[in-house]
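Working notes, beginning with the structure itself.
The values are calculated or read from the model by the stated rules, or taken from the named source; none is laboratory data. Note that the coordinates shown come from a computational prediction; the quantities given were computed from them, not determined experimentally. Note that each Cβ is placed from the backbone with ideal geometry, even for glycine, and that neighbours are counted across all protein chains shown.
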Amino acid sequence: MIARASEIGAIASREVKKWYRSPILLFMTTIQPLLWMSLYGKAFNLTGLFRIPEDILKQLPPESTARFAAIANEILSRFFGASDIDFFSYIAVGMMGVILLFTSMSSGLSIAWDRRLGVLNKLLVAPISRSSIILGKVISAIIRGVTQSLLVMLIGLALGMRLRVSGPVEFLIAVLALALLGASLSSLIISVTIRLKSWEYHIAVSNLLTLPLMFTSSALYPVTLMPEWLKTVAAINPLTHGIEVLREALLLGAPLNSQAMLGHLLILTVFASAATLLGIYLANVALRKT
Amino acid sequence: MSAIEAHGLRKVFGEIVAVDKVSFAVEEGEVFGFLGPNGAGKTTTINMLTTLIRPTAGSARVWGYDIVDEPEKVREVIGLAPQELTVDDELTGYENMMLHAALYHVPKEEARVRVKEILELMELERFANKKVESYSGGMKKRLEIGCSLIHEPKILFLDEPTLGLDVQTRAAIWNYIRTLVRERGVTIFMTTHYMDEADNLCDRVAIIDYGRIKAIDTPSRLKSSIGGDLIELEVSEINGLVIGERLRALPGVVDVVLDSERAVVKAVRGEEVLPAVISALIRDGVSVRRVEMKKPSLEEVFLSLTGRRLRDENGVKEEITRRNIAIRRARS
């Protein structure tokens with residue numbers, strides 16, 4: 001066990017060192033979620049649609065405005081979880097999940113590079129478990145992803161994001177969800193790309209996967225707004241569950257016993273375990289050369 | 001027990017027979033080399049012996065462990081410095097070594113001591129904390145070899161250890177390899193397509209072409225199998241017939257070709273025959289103006305075994321390219 005842990009640690013720490021030593025790369029992968037939340041989140045103010053403009057407000061009798069406000073609040077709580085949520089904060093939390101998608105995509109590519117540079121052969125010649133190679137990549141994706149996600153949160157806060165966290169345990173649950181999301185997504189991309197030998201294919205596949213995964217999740221809009229078929233897709237997309245845990249824990253101030261939060265967390269845990277096992281299995285098959 | 005024993009090892013990629021039933025044994029403490037042109041099957045053999053790929057047929061034991069049944073055991077006792085540079089450019093030399101130490105389960109304290117030793121051995125200690133991207137090609141290669149030593153392997157596999165390096169750097173790498181053998185008693189299995197490298201470094205050489213071993217022996221015996229050294233003498237006018245008979249009668253002389261002012265003597269151990277040749281000529285009143293002795297190189301050995309020169313790939317170029325592509329595709 002200790003031997004396995006040190007192998008995994010060695011492989012993961014190599015990746016993490018390379019990552020924090022190239023701040024430009026770190027900056028580049030953070031900038032895309034920032035663009036989404038600051039442009040889309042600020043401009044496309046979905047929740048703002050329900051606010052009655054001043055001049056209309058003046059023309060209406062008070063009881064109608066009160067009724068309209070009640071209806072609007074009801075709609076907002078149904079779709080967004082609470083009536084006083086601003087769309088920027090909503091999107092910003094979504095982006096805290098989406099950045100894990102961006103950082104996880106590089107896990108498959110890093111295996112392709114290792115293969116091309118001969119590093120993979122060096123790893124395969126070493127007396128280490130084959131699964132340690134994959135787990136090392138997954139762990140490094142988690143470390144990178146969670147760090148960048150918290151970075152996005154800090155920048156979001158600076159740009160006016162409003163969070164409502166009920167306590168430190170709930171915050172830790174959000175971090176746990178980010179880690180599980182990183183494990184799910186990086187294992188998923190490794191499973192899909194482990195047999196691809198050229199890095200050009202890896203880039204094509206990750207480009208192909210990134211946007212659909214983002215748009216079929218609840219990153220940009222609530223699941224409740226989606227048509228039925230898309231709801232089904234969103235329900236099997238790990239990104240949805242990760243982001244929902246984040247929203248419950250960070251945005252809605254859900255208590256620890258919140259059914260919704262724990263439900264999503266459970267699904268995410270199952271997904272992360274299954275994806276990691278699948279990744280290890282497929283990698284073992286692919287790396288056992290004939 | 002031999003360090004490596006291979007029996008009828010064979011590897012087929014599609015239609016291409018990359019390695020064709022090779023058998024050989026490498027003794028402990030020996031530097032054993034595979035000499036052959038690109039695409040001869042050298043790297044494929046290394047890949048089989050280091051458990052990266054499975055042989056299509058045949059078997060091999062590395063340090064007594066079967067490469068197919070006990071790959072984990074094999075991996076414990078071997079080190080590999082592949083053709084490519086696999087050290088990480090973005091890490092320092094020290095970090096690269098510590099990474100390998102962790103991969104081989106060397107405890108941290110122990111690893112620090114060994115890394116220091118190896119960096120000194122490879123004369124890299126001054127650059128230990130510099131990123132590898134600032135290293136020269138030769139330094140990277142030394143670090144690569146150093147990394148593969150961290151777990152004190154019994155057998156070190158070196159695939160084309162001086163590929164693409166300049167002459168001085170190559171000579172320096174040879175020195176490091178010799179030091180390794182002398183000071184650490186490592187058994188070395190290496191491949192090369194440089195004749196001088198095989199000649200300088202290897203105790204025994206297997207000449208391999210198109211996946212087949214053509215000959216295995218010490219470089220000097222391989223060279224003497226050519227039939228001897230060539231002694232070329234420029235002389236004053238001679239009476240061909242008499243002199244020729246007399247030279248042929250000398251012990252060690254294999255053949256004599258005479259010109260009016262030139263004698264070419266082919267002899268086994270030319271350096272021992274040369275004085276006798278000169279005194280025989282002088283006794284017969286022939287004055288010698290100039291002497292040159294040529295030892296046959298492994299190039300001639302390769303030529304006589306395969307009918308081709310090592311670098312001379314004309315005519316079969318297409319065939320070789322096709323083989324290389326097939327092997328590379330299967331390998332990656």
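Is it the case that segment B:80-92 has a residue that's more than 9 Å from chain A (Cβ to nearest Cβ), surrounded by 17 or more Cβ atoms within 10 Å (Cβ to Cβ) and of a type in the set (Ser, Thr, Tyr)? Looking for residues that are more than 9 Å from chain A (Cβ to nearest Cβ), surrounded by 17 or more Cβ atoms within 10 Å (Cβ to Cβ) and of a type in the set (Ser, Thr, Tyr), one finds at least one in segment B:80-92, hence yes. Checking each residue in segment B:103-127 for being in contact with a Lys or Arg (Cβ under 8 Å, 6 or more places away or on another chain) and over 13 Å from B:Leu149 (Cα atoms) picks out B:Glu123, B:Leu124, B:Glu125.
For A:Lys122, the conditions (1) surrounded by fewer than 17 Cβ atoms within 10 Å (Cβ to Cβ); (2) more than 16 Å from the chain's Cα centre (by Cα); (3) at pLDDT 90 or above are fulfilled apart from (1).
The condition of being more than 25 Å from B:Gly39 (Cα to Cα) and within 15 Å of the chain's Cα centre (by Cα) holds for only one of B:Asn175, B:Asn200, that being B:Asn175.
Condition (residue is over 30 Å from A:Thr224 (Cα atoms), in the same structural domain as A:Ser132 (by TED's automatic domain parsing) and crowded, with 19+ Cβ neighbours inside 10 Å) applied to segment A:24-37: is it met by at least one residue? No. Tell me, please, whether a residue that is in a helix (DSSP H, G or I), assigned by TED's automatic domain parsing to the domain that holds B:Tyr65 and under 22 Å from A:Lys17 (Cβ atoms) can be found in segment B:161-178. Within segment B:161-178, none of the residues are in a helix (DSSP H, G or I), assigned by TED's automatic domain parsing to the domain that holds B:Tyr65 and under 22 Å from A:Lys17 (Cβ atoms).
Results for (1) within 13 Å of chain A (Cβ to nearest Cβ); (2) buried (at least 16 other Cβ atoms within 10 Å of the Cβ); (3) under 20 Å from A:Ala126 (Cα atoms); (4) among the small types (Gly, Ala, Ser), shown as yes or no for each residue.
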| site | (1), (2), (3), (4) |
| --- | --- |
| B:Leu103 | yes, yes, yes, no |
| B:Leu121 | no, yes, no, no |
| B:Glu133 | yes, no, no, no |
| B:Gly138 | no, yes, no, yes |
| B:Leu143 | yes, yes, yes, no |
| B:Cys147 | yes, yes, yes, no |
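Could you tell me whether B:Glu237 is of a type in the set (Asp, Glu), more than 18 Å from B:Ile155 (Cα to Cα) and surrounded by fewer than 19 Cβ atoms within 10 Å (Cβ to Cβ)? Here the answer is yes, as B:Glu237 does meet what is asked. Only one residue in B:Val288, B:Val265, B:Val273, B:Val256 is farther than 11 Å from B:Ile226 by Cβ, crowded, with 17+ Cβ neighbours inside 10 Å and touching a residue at least 40 places away in the same chain (Cβ under 8 Å), so which one is that? Within the list B:Val288, B:Val265, B:Val273, B:Val256, the selection yields B:Val273. Please tell me if B:Glu95 is more than 27 Å from the chain's Cα centre (by Cα), crowded, with 19+ Cβ neighbours inside 10 Å, within 12 Å of chain A (Cβ to nearest Cβ) and not aliphatic (A, V, I, L, M). When the stated conditions are applied, B:Glu95 passes them.
Might you check whether a residue that is assigned to a helix (DSSP H, G or I), within 14 Å of chain B (Cβ to nearest Cβ) and farther than 25 Å from A:Thr216 by Cβ occurs anywhere in segment A:55-65? The answer is no; no qualifying residue exists.
Among the residues that make up segment A:26-39, is at least one of them within 14 Å of another protein chain (Cβ to nearest Cβ), of a type in the set (Val, Ile, Thr) and under 20 Å from A:Gly97 (Cα atoms)? No, that holds for no residue.
Whether any residue in segment B:14-26 is within 28 Å of B:Asp199 (Cβ to Cβ), touching a helix residue (DSSP H, G or I) at 6+ places or on another chain (Cβ under 6 Å), surrounded by 15 or more Cβ atoms within 10 Å (Cβ to Cβ) and not polar (S, T, N, Q) is what I want to check. Within segment B:14-26, one or more residues are within 28 Å of B:Asp199 (Cβ to Cβ), touching a helix residue (DSSP H, G or I) at 6+ places or on another chain (Cβ under 6 Å), surrounded by 15 or more Cβ atoms within 10 Å (Cβ to Cβ) and not polar (S, T, N, Q). Tallying residues that are out of contact with any helix residue (DSSP H, G or I) (no Cβ under 6 Å at 6 or more places or on another chain) and either outside the structural domain of A:Ser132 (by TED's automatic domain parsing) or surrounded by 15 or more Cβ atoms within 10 Å (Cβ to Cβ) (or both) within segment A:239-261 yields 2. For segment A:1-15, taking the residues that are more than 8 Å from chain B (Cβ to nearest Cβ) and surrounded by fewer than 17 Cβ atoms within 10 Å (Cβ to Cβ), the one that is farthest from B:Thr92 (Cα to Cα) is identified as A:Met1. Taking segment B:46-150 and the helices (runs of 4 or more DSSP H) fully enclosed by it, the elements with 3 or more residues that are of a type in the set (D, E, K, R) and modelled with pLDDT under 95 are at B:71-77, B:108-121, B:137-147. Scanning segment A:89-148 for residues that are among the aliphatic types (A, V, I, L, M), within 24 Å of B:Gln83 (Cα to Cα) and within 14 Å of chain B (Cβ to nearest Cβ) yields A:Ile111, A:Ala112, A:Leu117, A:Val119, A:Leu120, A:Leu123, A:Leu124, A:Val125, A:Ala126, A:Ile128, A:Ile133.
Looking across segment A:246-290, the residues that are among the β-branched types (Val, Ile, Thr) and at pLDDT below 95 come down to A:Ile280, A:Val285, A:Thr290.
Number of residues in segment A:190-224 that are among the small types (Gly, Ala, Ser) and either farther than 20 Å from A:Asp114 by Cα or in contact with a strand residue (DSSP E or B) (Cβ under 7 Å, 6 or more places away or on another chain) (or both) equals 3.
Selection within segment B:1-45: residues that are assigned to a loop (DSSP other than H, G, I, E, B) and under 21 Å from B:Gly185 (Cβ atoms). The member of this set that is modelled with the lowest pLDDT is B:Met1.
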